[in-house]
1. Based on Cα coordinates alone, diagonalise the gyration tensor for the stretch A:2-147, multiply each eigenvalue by 5, take square roots, and list the semi-axes in whole Å, largest first.
2. May I ask for the net charge around B:ILE357, where only other residues with Cβ less than 13 Å from the Cβ of B:ILE357 are counted and Lys, Arg are +1 while Asp, Glu are -1?
3. With the convex hull built on the Cα atoms of the stretch B:102-255, state its orientation-averaged projected area in nm².
4. In the calculated pair distance distribution of the stretch B:377-416, what percentage of Cα-Cα distances lie above 13 Å?
5. Could you give the C-alpha radius of gyration of the stretch B:222-263 expressed as a fraction of 2.2 N^0.38 Å, taking N as the number of residues it contains?
6. Could you order the peptides B:329-337, B:38-46, B:284-292 from most to least packed, using the average number of other C-beta atoms within 10 Å per residue?
7. Give, as a single signed number, the net charge of other residues whose beta carbon lies under 12 Å from the beta carbon of A:LYS24, with Lys and Arg counted +1 and Asp and Glu -1.
8. Going Cα to Cα from B:LYS273, which lysines come in below 16 Å? Please leave out same-chain ones fewer than 8 positions away.
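What follows is calculated from the coordinates using simple rules that are stated; it is not laboratory data. This is a predicted model, so every value here is computed, not measured. Cβ: placed from backbone, ideal geometry, glycine included. Neighbour counts: every protein chain shown.
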Amino acid sequence: MSALRELYQEVILDHGRTPRNFGKPEQVTCESNGYNPLCGDTVTVYLKLKDGIVEDVGFEGRGCAISIASASMMTEILRGKGVAEIRAVFERFHDLMTEENAADEDAFDDEDFEKLTVLSGVREFPMRVKCATLAWHTMQAALKGDYQEVTTE
Amino acid sequence: MMNAVSARTHAAPDMARYRADFPILASRVYDKPLVFLDSAASAQKPQCVIDAVRFCYEHEYANIHRGVYWLSQQATQAYEETRVKVQRFLNAASADEIIFTKGATESINLVAASYGGSTLGAGDEIILSHLEHHANIVPWQLLRQRIGIEIKVAPIDDQGNFLLEEFEKLLSPRTRMVAITHGSNALGTIPPAAEIIRLAHATGAVVLLDGAQGAVHGAVDVQALDVDFYAFSGHKLYGPSGIGVLYGKAALLEAMPPYQGGGDMIRHVTFEKTEFAEIPSRFEAGTPHIAGAYGLSAAIDYVSAIGMETIAAHDQELLAYATARLAEINSLRLIGTAEEKAGILSFELDGVHAHDIGTILDREGIAVRVGHHCAQPLMDRFGVTGTVRASFGLYNNKADIDALVTALGAVREVFG
């Protein structure tokens with residue numbers, strides 16, 4: 001059960017059950033839809049940007065515990081961040097999901113990012129990486145003003 | 001509930017001895033014994049099938065229908081013998097009515113493109129059912145784009161039963177084709193094929209059965225059914241992937257244009273004009289899956305020796321047992337409880353997504369399918385994006401089902 005416990009940590013189950021920032025914010029400047037054709041899961045990410053800074057963020061969708069938790073935790077750290085900073089976080093998160101050494105938590109100085117390392121257990125489950133990254137790819141598309149649906153395939 | 005199950009078990013044949021024929025079932029995953037419950041996606045292979053494929057490559061491999069040398073003659077003979085074997089397996093009138101394809105998907109595409117493309121026109125209607133796999137939906141939509149046919153969908157009820165009366169209402173003089181599953185891959189429902197065919201023929205429609213599941217879960221007699229086209233895949237019948245079958249009545253096939261052009265499907269080619277070969281060669285362009293035919297032949301011998309009725313009885317016994325065991329789990333909802341169904345159980349657990357269940361079961365060594373099972377319209381019908389699906393092969397036993405039930409307890413442990 002150890003790899004499973006690592007994957008389904010209480011924090012993840014909690015975000016999966018009661019996702020934060022779930023819903024569409026009152027004001028939205030950009031949004032994008034994500035879709036995983038393998039499982040039929042969907043996510044919509046909403047952003048309110050002002051002067052290149054995320055002022056508000058929300059998401060809607062249906063998915064597994066991993067995808068909902070990842071989306072929820074992502075929304076928690078985006079507020080107040082600029083576009084370039086978000087791109088850097090996205091890249092680090094992507095590495096965290098796919099690269100062996102990325103789990104070395106000492107390497108993270110950023111308190112926000114440290115929260116995301118709880119998702120590093122996903123690396124042991126290659127089939128589930130797409131679940132964890134769907135909301136992130138969708139958020140990137142929203143930032144780029146790309147209104148075409150993002151898919152994992 | 002349990003009494004009903006045990007009442008049915010006395011008729012069950014002793015299938016346990018066949019399990020050892022499948023070497024992969026001795027594997028361990030994550031240091032747990034493999035419990036394979038995904039045969040509806042693709043079945044595991046008995047040693048005789050593995051040996052047959054290996055025998056082809058080690059002793060008789062060459063291209064078929066071409067060489068005058070010994071090897072090519074051996075391979076050609078084996079390939080054509082497999083065709084005769086499939087003819088007998090389906091009780092077709094002639095081996096010429098058996099066309100080898102990549103699988104059921106290609107078989108259906110062939111009918112849609114060749115038969116549909118040459119005989120249907122704008123405004124003609126075809127009827128599918130709500131149970132269909134994408135492989136029996138999308139080829140018809142491609143045809144609709146090409147020539148403007150109408151697609152109607154025969155409904156099912158909340159248990160997944162095919163509604164024969166509702167189907168009958170959809171039939172009209174414009175109905176030219178009925179393409180229905182002979183066993184739902186997602187729910188297990190077995191529609192009443194004989195009645196569907198009788199009703200469709202009464203209005204002059206031609207019928208295709210998607211037998212990807214149907215050919216595995218019971219004996220098929222295409223002449224008794226009077227079905228016009230029957231499609232199935234080798235890999236679900238314990239044979240290799242990459243080889244499948246289209247049965248078609250000779251009179252229909254003879255009137256159909258080629259599906260693909262290439263070698264082996266011609267009589268004479270010039271740059272001005274090509275004369276096509278007779279059936280079945282006309283529909284077999286290019287080098288086929290030669291070793292696959294060896295494997296399919298061995299697979300048909302294997303299931304025939306056990307007996308399709310015996311396999312079907314075992315499947316029904318496992319289905320009854322699993323249905324009763326899963327009913328013990330309060331938070332579990334079975335999706336698809338049709339009166340006539342094969343050994344396929346789709347379900348969801350309250351508050352836990354199918355993918356999370358699949359991951360946890362995997363770590364317990366249990367292989368199930370999770371997701372939409374290539375039947376998204378059917379998932380929509382039940383208001384879910386996906387389900388967990390356990391499906392049985394002839395090698396499964398009650399211990400496999402017990403392991404599934406125990407592992408579902410582990411899911412509850414994680415998710416509370």
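1. Numbers: eigenvalues 105, 62, 36 Å².
Listed largest to smallest, the semi-axes of the stretch A:2-147 are 23, 18, 13 Å.
2. On the way: positive: A:ARG128, B:ARG333, B:ARG363, B:ARG369, B:ARG389, B:ARG412; negative: B:GLU348, B:ASP350, B:ASP356, B:ASP362, B:GLU364, B:GLU413.
Neighbourhood net charge equals 0.
3. Values: hull surface 33.6 nm².
Mean projected area for the stretch B:102-255: 8.4 nm², to one decimal.
4. Details: 518 of 780 pairs.
Above the 13 Å cut-off, the stretch B:377-416 has 66 percent of its Cα pairs.
5. Numbers: Rg = 12.7 Å, N = 42, 2.2 N^0.38 = 9.1 Å.
After normalising by residue count via 2.2 N^0.38 Å, the value is 1.40.
6. Working: B:329-337: 17.1, B:38-46: 22.2, B:284-292: 19.2.
Most protected by this proxy first, the peptides run B:38-46, B:284-292, B:329-337.
7. Working: positive: A:LYS48; negative: A:GLU26, A:GLU31, A:ASP56, A:GLU60.
Local charge sum for A:LYS24: -3.
8. Within the straight-line limit of under 16 Å, B:LYS273 reaches no lysines at all.
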